[in-house]
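Asker: Below you will find the structure I want to go over with you.
The values are calculated or read from the model by the stated rules, or taken from the named source; none is laboratory data. Since we're looking at a predicted model, the values are computed, not measured. Methodologically, a virtual Cβ is constructed for each residue, glycine included, from the backbone with ideal geometry; neighbour enumeration extends over all protein chains shown.
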Amino acid sequence: MKRQSQGANATRLGAKLLTLSGGKLNSAQLRAILDVLPNNVALLDPMGELMLVNEAWLNFAVENGMTRREAASGNYLNVCRSAASTGDVIAKKTAQGIEKVLKGRIKSFILDYPCDSLTEKRWFRMHVLPVQCWGERCCLVSHADITPRR
């Protein structure tokens, strides 16, 4: 429980730092903040495009068959919507939660979900928090491995 709450606190701290900066941090500074966070973290623009991801996000992607380039680009929200259109209930909840945070309808979104690999069963907790970046309402998406607690 302590590890999860430390990860959640670090994610909230990262979101707070981004908001307090008023969007005045450059990409390198934002990336440095994200890289100290222990969870897989991405910063999404108002349309759901990946703006920045941290090293943990990239490492997780590579461990699961993606390239670093694939993991650092694209529209995360559209990927969720696409999966939702095939009947993926978790992807639908994810897309709806991210959209609500981006539109300011909710202050945050949390979802626990299974994410099995070829070799192990895993569970993750996703936190979505709003942040202001360069004058726009963006969001920070964080995925924490909660498998040991399940």
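Asker: Taking the stretch 98-150 on its own, how many of its residues are in contact with a Phe, Trp or Tyr (Cβ under 9 Å, 6 or more places away or on another chain) and of a type in the set (V, I, T)?
Answerer: 6
Asker: What do you reckon, is K100 at pLDDT 95 or above and either within 17 Å of F124 (Cβ to Cβ) or surrounded by fewer than 13 Cβ atoms within 10 Å (Cβ to Cβ) (or both)?
Answerer: So K100 fails the test.
Asker: Can A8 be described as over 23 Å from P114 (Cβ atoms) and at pLDDT below 95?
Answerer: No; evaluated as a whole, the condition is false for this residue.
Asker: I would also like to ask the following. So, H143, is that one out of contact with any helix residue (DSSP H, G or I) (no Cβ under 7 Å at 6 or more places or on another chain) and either within 27 Å of A28 (Cβ to Cβ) or buried (at least 16 other Cβ atoms within 10 Å of the Cβ) (or both) or not?
Answerer: Spelling it out, H143 is indeed out of contact with any helix residue (DSSP H, G or I) (no Cβ under 7 Å at 6 or more places or on another chain) and either within 27 Å of A28 (Cβ to Cβ) or buried (at least 16 other Cβ atoms within 10 Å of the Cβ) (or both).
Asker: A further question follows. When you scan the stretch 33-56, do you find a residue that is on the phi > 0 side of the Ramachandran plot and free of Cβ contacts under 8 Å to residues at least 40 places away in the same chain, even just one?
Answerer: Within the stretch 33-56, not a single residue is on the phi > 0 side of the Ramachandran plot and free of Cβ contacts under 8 Å to residues at least 40 places away in the same chain.
Asker: Filter the stretch 27-63 down to residues that are in a loop (DSSP other than H, G, I, E, B) and under 18 Å from C115 (Cβ atoms), then give me how many there are.
Answerer: Number of matching residues: 3.
Asker: If you take the residues in the stretch 64-79 that are part of a helix (DSSP H, G or I) and without any contact (Cβ under 8 Å) to a residue 24 or more places away in the chain, which one is surrounded by the most Cβ atoms within 10 Å (Cβ to Cβ)?
Answerer: Looking at the filtered set, the residue picked out is A71.
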